[in-house]
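A.B. asks: First, the structure itself, so that you have it in front of you.
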Amino acid sequence: MIGMNRGWMVAALAFCGCMMYAQKTTASLTVPGALPNIQMVSPAANGEWTMPAGDYGNTRYSPLDKINTQNVQNLRVVANASTGIPHGHEGQPLVVNNTLYIVTPFPNNLIALDITKPGFPQKWIFHPNPDNRAVGIACCDVVNRGASFADGKIIFNTLDAQTFAVDANTGKKIWATAVGDIKVGETTTMAPIVVKNMVYTGISGGELGIRGRLVALDLKSGRIAWKAYSTGPDSEVLIGPDFKPFYAKDRGKDLGVSTWTPGQWKMGGGSVWGWVSYDPELNLLYYGTGNPGVWNADMRPGSNKWSITIWARDPATGAARWAYQVVDHDAWDYDEIMENILIDMPWQGRMRKLLLHPGRTGFMFVMDRETGEVLSAEKFGPVNWASSYNLKTGEANVDLSKRTHFGQYAQHICPSSTGGKDFIPSAFSPRTGILYIPAHNTCMDYEGTAVNYIAGTPYLGASVRMYPGPGGYQGELVAWDVANAKRLWSVKDADLPVYSGVLATGGDLVFYGTMEGWFRAVDAHTGKVLWEFKTASGIVGDPITFSGPDGKQYVAIYSGVGGWMGAVAFPDVSTSDPYAALGVPGTMKKIKDVTQPGDLLYVFSY
Amino acid sequence: MCSVIKLWLLTGGALLFAANPALRVCADPNNLPFSDRQEQGFENRLATLMASDLGMSVEYTWFPQRGSFFRKTVGAGQCDVVMGVPAGMKAGVIATEPYYRSTYVFVTRQDRNLGLHSLNDARLRKLSIGVQVLGDSDRSSPPAQALIERGIVRNLVAFNIFGNLNEADPAADLIHAVENGQVDVAVAWGPMAGYFAKSAKVPLEVTAIDYDSSQAVPLVFDIAIGVRKADLKLRDQLNGELGRRKAEIDILLKNYGIPRTSDPGER
């Protein structure tokens, strides 16, 4: 039944007009037990897990409820698998047609497991053999954030900036396309998504002064259909007559050029390495861009568009509908490539089409996704770089004493560059109206002095020293009441940030992991920890849930610490050097004492 | 390497191999004048000289000197030395005594007759000035910073220090931009500027930036060999050889057009 339903949806997406699609599927967009008038924008992951966040709205919610608050204590390991690569296992597996797919960290092997047999034996492994020069170029470990399934293909990226389509049944390559060039510092770490006949992916590598972009490829051939740059002239940013930003500060011609010193937009950053969401009814893609190029903010006067910007674009042409620059002229490395969760729900008395964006800035943005208006921006953790957002102008009220300047000492800036949260994705439950945010609590001191050396040339490195923020904890799972824009409760982690994605289910459970390696289920209403299991390594991946051919519900998670913050667990990174790894070891002192690199997939059931 | 292998075969030997180990060098395969895979850089020559003095062969691990170079090469135990590091650098290596001191320089076309030598020259507010920048990591190039602190920002033209690895001499675009008039002046690290100016198509002028004691940002750096942290013995051996070979090293650097200075430097 599940398979048939899904087939029908895909057919509807492919062949029907959007309005028709929306009308026909309205019923399935209301999940069982949802609060009044809370609706998904696309069907929830109800049995399989075919795209990175489970659904186009990026809710990471599944209605599956066979595992619930009553029986969760019976969960046990029913299968596990080693990828053989002890690096950060970010992202999540897919489950399609009784097969579970894993994309490993570099060298980005694709592994297929048969979930119809006990222990989930391996069906095949595909080796894309990416260029190993990518390893030296990637900033923050050699991670990959997962794949998408469409049209019988598994679509994923390799670190050397290629997108691959592999036959989901046979494990044979169908096409591979170079979407970037590692020789200019471009890499790909994100999980692509597929809408209709197009694949969407992005370029990372902002640390090396690249020019970020979203790239669309034809699903059948892999041919590049369009590129939407994050900096440069309107013609290359794909800004045309349909572009209607809500705020005056984001209006004007060729802002991607004029808001920079001459030529600097050519290495202006604005990487695209997070999550893409899609609204089938409005037919718009949503994603965010990373921080501007040249860290030294004093060298790039201006707002530096379109770094740190949330975009709405037409999926067929890439044409921008609106853009909202979250931080003008960044001085903190506050990437805003975070997930954008799309949900329809009542907001201050009337139904709104919302976009929820828990930001690296530490602010929780609620936006109208039709217009790009910010409806609310409230702090979800300790924040002092700005006191608030002005919703009339869209600008932050910045505390100038917390702005970094090279050669000046700026003390106690919260959050640190790692943000109030990083790319690690939240989950939203329509049954509780709560957004579950995996959050960090770190602050930093900033001073630009240390001598360093690159490409044969001495340069000045900033001394960024990070340390735990106020309150005696470093990570927390925050329950955010969306309708009332406030914190309800949190589950705190004293020693390490929460660096795992979140899953919410119809069984009123919220699953997430800790960097120590605990995999937890908490009560979606209260946050009470109902079950936990110690995995072999720290968790930086995202949980998923699916139904097996036996009708049982399963939950899967990677266990393999790594990534920017998690890389401190590796033997070659010292926790005693507070300035290594862009300053994060100061917040990660305990990690080597509590976990080691790992390479495992765990699958739980009852 | 070849002769080592032959000897190995002749003597059957583990003993010889242990007695004649390699000096393991991590270097950039495409970064002249410092190093390249054809071993044409002055750091390649210096490595050969040091190794032969120590009775060693040279064994390279090639790795682009960008991103996590130090962590993934000498920091990961891939090699014993990196042939050039600032003597004051503490992260990941211990430095030998410096073997040269250079400075950031102005590079202009001789036919422009600009005669620039001070960062306080009022003309720098109008001229277009090429500088190298370092992507969006938390770093700044010293001359860019020194200019920014003088309020000279809008007329800076940024060049990516990493350049494009598809091209030979990726970092040379800054000097080429002076040659072809794309910028009026480049402010560049002396060794790179001096070397590429020598082979420029039009005559270029390379002038050291005047020492300014009120200048907070260092523009003069002592350069040393970086040794992996545990190996104090190798550092001491190299210090001995650097002293003994000082005259040859000075000639080597001169042949590569490396500007030297006696101004006070960053240690």
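A.B. asks: Have a look at segment A:488-606 and give its Rg and Dmax from the Cα atoms, expressed in angstrom.
C.D. replies: Reported Rg and Dmax, both Å: 15.4, 51.
A.B. asks: For the residues A:414, A:443, what sequence is obtained by ranking on other C-beta atoms within 10 Å, fewest first? If you can, show how the numbers build up before the last one.
C.D. replies: Values: A:414 19, A:443 23.
Arranged by neighbour count, lowest to highest, A:414, A:443 become A:414, A:443.
A.B. asks: Let me ask you something else. Taking residue A:183 as the anchor, which lysines have their alpha carbon closer than 29 Å to its alpha carbon, excluding any fewer than eight residues away along the same chain?
C.D. replies: The qualifying lysines are A:153, A:172, A:173, A:220, A:227, A:266, A:305, B:72, B:90, B:198, B:201.
A.B. asks: What Rg and what Dmax come out for segment A:276-351 when only alpha-carbon atoms are used, in angstroms?
C.D. replies: 14.8, 46
A.B. asks: Which lysines, on any chain, are close to residue A:117 with Cα under 19 Å apart, when same-chain ones fewer than 8 places away are left out?
C.D. replies: A:552
A.B. asks: Report, in deg cm²/dmol and to the nearest 500, the calculated mean residue ellipticity at 222 nm for chain A, where each DSSP H run with n ≥ 4 adds -39500 (n - 2.57) and the sum is divided by the residue count.
C.D. replies: Details: 7 runs with 42 residues, N = 606.
Using -39500 (n - 2.57) per qualifying helix, the result is -1500 deg cm²/dmol.
A.B. asks: Compute the orientation-averaged projected area for segment B:101-208 from the convex hull of its Cα atoms and round it to one decimal in nm². Let's see the in-between values first.
C.D. replies: On the way: hull surface 27.8 nm².
Quarter of the Cα hull surface area: 7.0 nm².
A.B. asks: Based on the Kirkwood radius over alpha-carbon pairs, what value in µm²/s does the Stokes-Einstein equation return for the translational diffusion coefficient of chain B at 4 °C and 1.567 mPa s?
C.D. replies: 66
A.B. asks: For the protein assembly as shown, what is the charge dipole size about the Cα centre, in debye to the nearest 20, if Lys and Arg each add +1 at the Cβ and Asp and Glu each add -1 at the Cβ? It would help to have the intermediate numbers written out before the result.
C.D. replies: Values: 79 positive and 82 negative charges, 132 e Å.
In debye, rounded to 20, the protein assembly as shown gives about 640.
A.B. asks: Any idea what the dipole of segment B:101-208 comes to, in debye rounded to 20, about its Cα centre with Lys/Arg Cβ at +1 and Asp/Glu Cβ at -1? Can you show the working numbers first?
C.D. replies: Numbers: 11 positive and 11 negative charges, 74 e Å.
That gives a dipole near 360 debye.
A.B. asks: Let me see the P(r) profile for the protein assembly as shown: every Cα-Cα distance counted, bins of 10 Å, each bin given as a percent of all pairs.
C.D. replies: With a bin width of 10 Å, the distribution comes to 2, 13, 23, 25, 18, 11, 6, 2, 0.
A.B. asks: Determine the relative contact order of chain A: mean sequence separation of Cα pairs under 8 Å and six or more apart, normalised by residue count, in whole percent.
C.D. replies: On the way: 1813 pairs, mean separation 86.9, N = 606.
Once divided by the residue count of chain A, the mean separation gives 14 percent.
A.B. asks: Also, I was wondering about something else. Can you give the calculated 222 nm mean residue ellipticity of chain B, where each DSSP H run of n ≥ 4 adds -39,500 (n - 2.57) and the sum is split over every residue, rounded to the nearest 500 deg cm²/dmol?
C.D. replies: Numbers: 9 runs with 79 residues, N = 267.
After summing the helix terms and dividing by the residues of chain B, the value is -8500 deg cm²/dmol.
A.B. asks: As a footprinting exposure proxy, order A:272, A:96, B:58 by other Cβ within 10 Å, with the fewest listed first. Kindly include the intermediate steps, with their values, before the conclusion.
C.D. replies: Details: A:272 26, A:96 22, B:58 19.
Fewest-to-most ranking of A:272, A:96, B:58: B:58, A:96, A:272.
A.B. asks: Counting every Cα pair in segment A:54-208, what percent are over 28 Å apart?
C.D. replies: On the way: 2808 of 11935 pairs.
Cα-Cα pairs in segment A:54-208 separated by more than 28 Å: 24 percent.
A.B. asks: Charges only on Cβ, +1 for Lys and Arg, -1 for Asp and Glu: so what's the dipole of segment A:144-274 about the Cα centre, in debye to the nearest 20? All intermediate terms of the calculation are to be shown ahead of the outcome.
C.D. replies: Working: 16 positive and 12 negative charges, 30 e Å.
Charge dipole, segment A:144-274, about its Cα centre: 140 debye, nearest 20.
A.B. asks: Can I ask one more? Straight-line reach only, C-alpha to C-alpha below 16 angstrom: list the lysines that residue A:379 could link to, leaving out same-chain residues fewer than 8 apart.
C.D. replies: A:421, A:486
A.B. asks: Please list the equivalent ellipsoid semi-axes of segment A:403-541, computed as the square roots of five times the alpha-carbon gyration tensor eigenvalues, in descending order and whole angstrom.
C.D. replies: Details: eigenvalues 241, 57, 31 Å².
Semi-axes from the Cα gyration tensor: 35, 17, 12 Å.
A.B. asks: May I ask you to sort A:28, A:42 by Cβ crowding, counting other Cβ atoms within 10 Å and putting the fewest first? If you can, show how the numbers build up before the last one.
C.D. replies: Details: A:28 16, A:42 25.
The order, fewest Cβ neighbours first, is A:28, A:42.
Any read-out appearing in this document is the output of simple, stated calculations on the displayed coordinates, not a laboratory observation. Being a predicted model, the structure only gives us computed values, none of them experimental. Glycine also receives a Cβ, built like all others from the backbone with ideal geometry; neighbour counts cover every protein chain displayed.
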